[in-house]
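Just so you know, all these numbers are worked out from the coordinates, no wet-lab data involved. Keep in mind it's a predicted model, so treat the numbers as computed, not measured. Here the Cβ positions follow ideal geometry from the backbone for every residue, glycine too, while neighbour counts run over all protein chains shown.
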Amino acid sequence: MTLDAQGTNATGRAGLNGQTPRCDHIDRFSTVKPGPPECKECLALGQTWVRLLVCLTCGWVACSDDSRGGHARAHYRETDHPVVATLEPNSTWRWCYVHRRTV
């Protein structure tokens, strides 16, 4: 067992390579039903989006950071819902806003 600076078990928090703390946010979710495949904020502003993301906490769908609006990140800032997934078919990509990395 490896201990961190506070004397707690760091091995249990480690990622696969042992370097990055494991993101426990992904363990908190049940299956959510995504909303309609559109960014309502972009539609209201007459904007288009590059990619859509779904909040894994509540199912809210919004545009990604590479879109003009970045409304998925705005949703995170308003709600503290930490993890999103892409709506692209067959993708397992997930992003944790808290850890600022894929999970």
How many nm is it between the label spots at Asp66 and Val32, if each spot is 7 Å from the Cα in line with the beta carbon? 2.2
In whole Hz and in residue order, list the ³J(HN,Hα) couplings for the stretch 61-70 that follow from phi through the Karplus curve 6.51 cos²θ - 1.76 cosθ + 1.60, θ = phi - 60°; x for Gly and Pro. 10, 8, 6, 7, 5, 7, 8, 4, x, x
Whole-Hz Karplus couplings 3J(HN,Hα) for the stretch 78-86, θ = phi - 60° and coefficients 6.51, -1.76, 1.60, Gly and Pro as x, run 7, 10, 6, 6, x, 10, 10, 10, 7
So if I take the centroid of the Cα atoms in the stretch 48-103 and the same for the stretch 28-42, what is the distance between those two points in Å? 9
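Quick one: length gained pulling Leu87 to Thr48 fully straight, 0.36 nm per residue minus the C-alpha distance? Let's see the in-between values first.
On the way: separation 39, 0.36 × 39 = 14.04 nm, distance 1.57 nm.
The Leu87-Thr48 span can extend by a further 12.5 nm.
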